[in-house]
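One structure below.
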Amino acid sequence: ESVGKMVNISASVPVNVSFTEWINKNVKGYIAVHFDNSKSSDTSFTMPSGPVYVQATSVTLHKLTVNGGSGNGWYKAFSTVTVNAGGHLHSGWHWEAVGINLSETDKYKDYFTITMPANDVTITMSP
């Protein structure tokens, strides 16, 4: 690219990854740049008079599947997530989980929160 020209860059990430930010790699011989918005996966910078080395950073997301309630989605590890039966947890029913241990109390609540682990989780309402 020409010196002084605006350079547009874009990071494509899969569904289980969350873009974090653009960074300048601290490598000898490369010039640091200022990003218009380092927190956006699509951004730009003005080309300096030498080579640049930029990198997109990201964090892995983990899938929460809730059968019989709400809370489904992709979450960062250690995020707090509310699982909610929406008033549909019938008498005698309970929650079962794979990928996380639920407390005995939470198993019988209409809603509760979990701290998302660094793995996928499935929580199912069961009779």
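The values are calculated or read from the model by the stated rules, or taken from the named source; none is laboratory data. For clarity, every value in this text was computed on a predicted model and none was experimentally measured. Backbone-built Cβ (ideal geometry, glycine too); neighbour counts: all protein chains shown. Remember, those area values only see protein heavy atoms, side chains included, never the ligands or the DNA or RNA. Shrake-Rupley method; radii C 1.70, N 1.55, O 1.52, S 1.80 Å.
Tell me, which longest segment in the chain has none of the trypsin sites (Lys or Arg not before Pro) that fall in DSSP loops with at most 14 further Cβ atoms within 10 Å? Longest site-free region, per DSSP loop and neighbour criteria: 40-127.
Would you mind checking the range 55-95 for residues with the amide N under 14 Å from a putative spin-label position 7 Å along Cα→C-beta of T115? Flagged as within label range: 77-81.
Sorted largest first by accessible area at a 1.4 angstrom probe radius, with every protein chain in place, the residues I23, I123, I9 fall in the order I23, I9, I123. The lysine pair tally for the chain, using Cα distances under 29 Å and a gap of 8 or more places or different chains, is 13. Straightening the chain between T105 and N8 buys 29.7 nm, computed as 0.36 nm per residue apart minus the Cα-Cα spacing. Please work out the FRET efficiency for the pair Y30 and T80, using the Cβ-Cβ distance as r and a Förster radius of 30 Å; give the result to the nearest 0.05. Result of the calculation: an efficiency of 0.15. The residues of the chain expose on average 61 square angstrom of accessible surface per residue, using a 1.4 Å probe on protein heavy atoms.
With a ≥ b ≥ c the root eigenvalues of the C-alpha gyration tensor of the range 1-40, is it rounded (a/c under 1.5), prolate (a/b larger than b/c) or oblate? Prolate shape, in that a/c is at least 1.5 and a/b is the bigger ratio. On the chain, 49 percent of the accessible area sits on carbon and sulfur atoms, based on a 1.4 Å probe.
When only Cα pairs below 8 angstrom with a gap of at least 6 residues are kept, the chain shows a relative contact order of 23 percent. Determine the shape class of the chain: with a ≥ b ≥ c the square roots of the Cα gyration tensor eigenvalues, call it rounded for a/c under 1.5, and otherwise prolate if a/b is greater than b/c, oblate otherwise. It comes out prolate by the Cα gyration axes. The listed residues S40, S70, once ranked by accessible area (1.4 Å probe) with the largest placed first, stand as S70, S40. In this structure S126 has an accessible area near 20 Å², from a 1.4 Å probe over the protein heavy atoms.
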